[in-house]
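Right, one structure below, let's go through it.
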């Protein structure tokens, strides 16, 4: 699915905690159409339906965790940029790669905002 350039960019937030999803929606909703999922399985379905420009991903979730979600992306050859935002930073660091950045999960969204700017510049 290819979207018209005039359409807003989409951000897929995958986190089992509704408070974190709400925080991200409030912070980034002016720059992105925010689509949400509560675990990796739901995230995969949203990935196909919403075709996001960027994903914010938690690691510790029920049904399918963040590592499982990333493995599915790799298997499918999907190269959508992902920001792993997790309190499990040491575990998350091993998942980093060319299209995967890792930032600490914190209510201070400075590092996350910088990662978003680097992975999804306004012109994309």
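For the chain, modelled as a GNM whose springs connect Cα atoms under 10 angstrom apart, the maximal fluctuation among 114, 47, 12 occurs at 114. Taking 0.36 nm per residue of sequence separation and removing the Cα-Cα distance, the residue 9/residue 110 pair yields an extension gain of 34.3 nm. Sorted fewest first by neighbouring Cβ atoms within 10 angstrom, 36, 27, 48 come out as 48, 27, 36.
Take the Cβ atoms of residue 27 and residue 51, set R0 to 25 Å, and the FRET efficiency comes out at 0.70. Ordered by the count of other Cβ atoms within 10 Å of each Cβ, fewest first, 32, 69 give 32, 69.
Among DSSP beta bridges whose residues both lie in the chain, state the antiparallel percentage, nearest 5. In the chain, approximately 5 percent of DSSP beta bridges are antiparallel ones. Shown for 119, 112: other C-beta atoms within 10 Å of each C-beta, ranked fewest to most, produce the order 119, 112.
Kindly provide the helix-only [θ] at 222 nm of the chain, computed as the sum of -39,500 (n - 2.57) over DSSP H runs of four or more divided by all residues, to the nearest 500 deg cm²/dmol? Kindly include the intermediate steps, with their values, before the conclusion.
Numbers: 5 runs with 48 residues, N = 124.
Using -39500 (n - 2.57) per qualifying helix, the result is -11000 deg cm²/dmol.
When only alpha carbons are used to place a centre, the range 68-84 and the range 45-62 end up 9 Å from one another.
Since every read-out is calculated from the coordinates, none of them should be taken as a lab result. Keep in mind that what you see is a predicted model, and the values were worked out from it rather than measured. Counting neighbours? That spans all protein chains shown, and the Cβs are built from the backbone with ideal geometry, glycine included.
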